[in-house]
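Read the structure below first, then the notes.
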Amino acid sequence: MRKHFRYKLGLGLILPLFVLSSGHAQMKPNQIDSLMSVALKKFNVAGAALGLVKDGKVVYTKGYGVKSVDTKSPVNEHTDFAIASNSKAFTTTALALLVEDGKLNWTDRVKQHIPEFTMYNAYVTENFNVQDLLTHRSGMGLGVGDLIFFPDGANFTIDDLLAAFQHFKPVSAFRTKFDYDNLLYVVAGELVSRVSGMSWEEFVQTRILNPLEMDNTYPNVKWMKDRSNLASPHNTLEGQLHALPDYNKIINGAAGGIYSNVDDLCHWMLTHLGHGKYKNTQLFSEASQREMWKIHSVLPKGDNPRYNSHFAGYGLGWFLTDVLGNMEVSHTGGLPGMLSRTVMIPDQDFGLVILTNTEPGGAALFRSISQTIVDSYLGLDYYDWITRYAKRLKETQAAGDAVSDKVWEDVAAADDSHILHEDFVGIYQDPWFGQMEVFENEKGKLWIKSHRSPKLNGELQFYKANTFAIHWEYQDMNADAFALFVLDENGKAQAIEMKGISPNIDFSFDFHDLDLKRIDKK
């Protein structure tokens, strides 16, 4: 679910880890430890964990840093992290099991199982099938509707979500363009529930986690009775790490709700690399694996000449590409303060998982470590990925900060003496997000709040013309936004358009998808 190169509940295409390639030296554990030590400091990351499988065996698992800067308790191989969008492959596996059970087909129309499912036009509604839920080709825009669960704490239900799609405006023709989506995976979780007769969480626990001996993995953080080995998410403010509260998902965890650790996730990778088999358990068939690892949505291939990639695409819950003639299967995940990556190279019977508990540095850490070790594995010359990603992170942050700082400087210097609060006070409604209220608080400040997502509340500060800047009380992630009021001929606000202030805002804060119209009679 989010973005500095991430696909949430989220994130994108990156590269793998180490092992022994014919004629090339294997990276030693102390070399990995050294890399991780450097990366933790370079990217200001509180804690991380790494797991590696090769040739049907778990060959390396280890934790680094701390679970929380408050407790200083160390991370180990059993420390649980939110894996966010790495949960999506569990959802596609759950559906594969139901296909094998004969309870549905990949090409079943969603309406066959969820009759109230309604998309933005009748043709798409009638033809939207199970695989369309999983392949980010709906025609809707990037992260559309993610405000339903970003930030957490909103009160939307599955009925609200199923009714929302009809209000989204498509940005491309159905099945023609990849735009990462989270909400349709939540629908996929509801599909699992309706077809199986148990919740998505119960199904994943019973049919996947238990058979794979993933004993310390949980489909919902609320299922975790003992949280003593749970990593805390962190953000970075002015160079200082701050522990955040756990993210509380809503509706179901199909898009990004699982909490796991590198030891358990090695079992998960062994199963996929073993064509669906873990020890004596055949969890899913090779036919199901081929379907999940088949390109359903085409993506632009990587242009880094080091890897000589020829294709890229998205399967069912997995990104697919090739690196130096080897197929690569991967996914990333991101929630506030929790960033992760899974990478497998089936041709080499090799897999890697990295979990981190800090943003924004966690993404740079898992990318640079992955690419450094995979280069070693592929026999490539050494390249200092850590320095490269540190430079990129610094430049990206600086560019975003420059934009945001200029906005707040302009706000501080703006003359708002002509602003009459009564021209803006009122209730505004969006057809899928519900009501937002503009009011004057007890201190005489102009304020805005969401009625359904209580963490979205903050002061409206005059910027320019009819535009205000909102500094949300919620600061776990960078989500401050512009509110552009549409005025009538008398200068009275009739509608609000919104968009993020920072170019680095996570795509899940899709304020630009709101269509807020004034509904009160003032």
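Listed by chain and number, the lysines placed with their C-alpha closer than 27 angstrom to that of Lys103 are Lys88, Lys111, Lys277, Lys279, Lys294; residues fewer than eight positions away on the same chain are left out.
When +1 charges are put on Lys and Arg Cβ atoms and -1 charges on Asp and Glu Cβ atoms, the dipole computed for the chain relative to its Cα centre reaches about 1040 debye.
With all pairs of different C-alpha atoms in the average, the Kirkwood value for the hydrodynamic radius of region 139-259 is 16.4 Å.
Of all accessible surface on the chain at a 1.4 Å probe, what whole percent is carbon and sulfur?
49 percent
With the simple model of a label 7 Å out from the Cα in the direction of the Cβ, Lys301 to Asn441 spans 5.4 nm. Computed with a 1.4 Å probe over protein heavy atoms only, the accessible area of Arg194 comes to about 90 Å².
In the context of the full set of protein chains, the chain has a per residue accessible area of 39 Å² (1.4 Å probe). With a simple spin-label model that places each label point 7 Å from the Cα along the Cα-to-Cβ direction, the separation between Asn229 and Lys492 comes to 6.3 nm. Only helices enter this figure: runs of n ≥ 4 DSSP H residues, each worth -39500 (n - 2.57), summed and divided by the residues of the chain, yield -7500 deg cm²/dmol at 222 nm to the nearest 500. Ranked from largest to smallest solvent-accessible area, with a 1.4 Å probe on the protein heavy atoms, His296, His234, His451, His418 come out as His418, His451, His296, His234. Amide H contacts under 5 Å for Met27: Val19, restricted to partners 5 or more places along the chain or on a different chain, H placed in the peptide plane at 1.01 Å from N. Among the listed values [x] 23.2, 78; [y] 27.8, 93; [z] 26.2, 83, the one computed from these coordinates for Rg and Dmax of the Cα atoms in Å is [x]. Within a straight-line Cα-Cα reach of under 29 Å, Lys394 can be paired with the following lysines, leaving aside sequence neighbours fewer than 8 residues apart in one chain: Lys3, Lys8, Lys41, Lys42, Lys62, Lys67, Lys72, Lys301, Lys406, Lys455, Lys499. Ser138 sits with roughly 0 Å² accessible to a 1.4 Å probe, with DNA, RNA and ligands left out of the calculation. Specify the inter-centroid distance of region 359-416 and region 419-493, based on alpha-carbon positions, in whole Å. Distance between centres, Cα-based: 31 Å.
Using alpha carbons only, how many angstrom separate the centre of region 200-227 from the centre of region 99-173? So the separation of the two Cα centres works out to 25 Å.
The stretch between Lys391 and Asn280 holds 35.3 nm of extra length on full extension. This uses 0.36 nm per residue minus the Cα-Cα distance.
Under Stokes-Einstein, with the Kirkwood radius over Cα pairs as Rh, the value for region 310-375 at 25 °C and 0.890 mPa s is 197 µm²/s. Here the label points at Thr107 and Ala122, each 7 Å from Cα along the C-beta direction, are separated by 2.4 nm in the simple model.
The values are calculated or read from the model by the stated rules, or taken from the named source; none is laboratory data. Just so it is clear, the structure is predicted and the values come from calculations on it, not from any experiment. Every residue, glycine among them, receives a Cβ derived from its backbone with ideal geometry; neighbour counts consider all protein chains shown. Side chains are part of the model used for accessible areas, which takes the heavy atoms of the whole protein and leaves out ligands, DNA and RNA. Shrake-Rupley method; radii C 1.70, N 1.55, O 1.52, S 1.80 Å.
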